[in-house]
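Inspection log for the structure reproduced underneath, given as structure tokens.
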Amino acid sequence: MKNQDTSKPGLTYFELQAYIGTTKHMGGLETTQELIELCHIVQDTYVLDVGCGAGATASILAGTVGCRVVGVDLREEMVALSAERARRQGVACLVAFRVADAQELPFDDATFDAVLCESVATFIEDKQRVVDELARVVKPGGYVGLNEEIWLKEPTPEVVEHVKGMWSVKSSVPTAEGWGAILKSAGLRDVIVKTYKVDARREATQVKRYTSGDMFKMFWRTLVLYAKSAEFRAYMRKQRLPKGVFEYLGYAVLAGRK
Ligand SMILES: C[S@@+](CC[C@H](N)C(=O)[O-])C[C@H]1O[C@@H](n2cnc3c(N)ncnc32)[C@H](O)[C@@H]1O
């Protein structure tokens, strides 16, 4: 398992998330609950969570709704974290995880009743290809739901460069209208696009997705890394957000029906 228990993880956004053991999306638990409603997820819905990260959404779905969930992520460490979380939360019988690329999902057409993708497609250059894949594997009449970053207004070059550096990605961030057009081009109908500014109260619900043990591990590992690694301290200094960034960077909750 790469970087899982070493004292020196690689210094990219996803390597660090895998190391501290938690991932996030804008809006925390509240946006997941919105997607559950918009995608009509109930106990007999068979769900795919693409880019499942540390597996919080899959375990929440299995634990609270009682549905079956498959989670996929490009990173092996995330798949391991997700499976371990499901075991700890007593929902392993309802969930399964595997390594897969969102751009080439290893499932037949029309396999799932609902497909979720929370803060994943933003990081991938070919967003249309991702959403086409999400739409391909959902059944006719099923729902695709995303929660992705957007530009609320034309960003300054400084903000664009900072955001790309922070996430260690080259990909560009669409507007809410841009995401809506991508869903429609993928053949989805009745597309709903809800636009949000970053709100501290909603962000605080990130912690509710995790146990106190997860939070302790996250703070402890970050603290130890900060104390030990000059490279990490330099990395963290670069992560300081430019003033007013959230005037530009927001997120959208999107859903469409096949
Ligand atoms: C910001 S995290 C969000 C994780 C999770 N959805 C959540 O809400 O906590 C993005 C996740 O997408 C995964 N990812 C990035 N590119 C991917 C790809 N091409 N296919 C599948 N997963 C990918 C990363 O490994 C990471 O776990």
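Read-outs: derived from the displayed coordinates by stated rules, not from any lab. Computed from a predicted model, the values in this text were never measured in an experiment. Note: ideal-geometry Cβ built from the backbone for every residue, glycine included; neighbour counts use all protein chains shown.
So, in Å, what gap is there between the alpha-carbon centers of the stretch 50-113 and the stretch 22-48?
The distance from the Cα centre of the stretch 50-113 to that of the stretch 22-48 comes to 12 Å.
Once both labels are modelled 7 Å past Cα along the beta-carbon direction, what's the residue 233-residue 104 spacing in nm?
4.3 nm
Once the Cβ-Cβ distance between residue 129 and residue 37 is put in as r, and R0 is 25 Å, what FRET efficiency do you end up with, to the nearest 0.05?
0.35
How many nm is it between the label spots at residue 44 and residue 204, if each spot is 7 Å from the Cα in line with the beta carbon?
4.0 nm
Would you please give the FRET efficiency between residue 92 and residue 222, computed as 1/(1 + (r/R0)^6) with r the Cβ-Cβ distance and R0 = 35 Å, to the nearest 0.05?
Computed FRET efficiency for residue 92 and residue 222 comes out at 0.80.
Just the projected area, averaged over all directions, of the convex hull on the alpha carbon atoms of the chain: how many nm²?
12.8 nm²
What is the sum of charges around residue 155, taking Lys and Arg as +1, Asp and Glu as -1, for the other residues whose C-beta is under 11 Å from the C-beta of residue 155?
With Lys, Arg at +1 and Asp, Glu at -1, the neighbours total -2.
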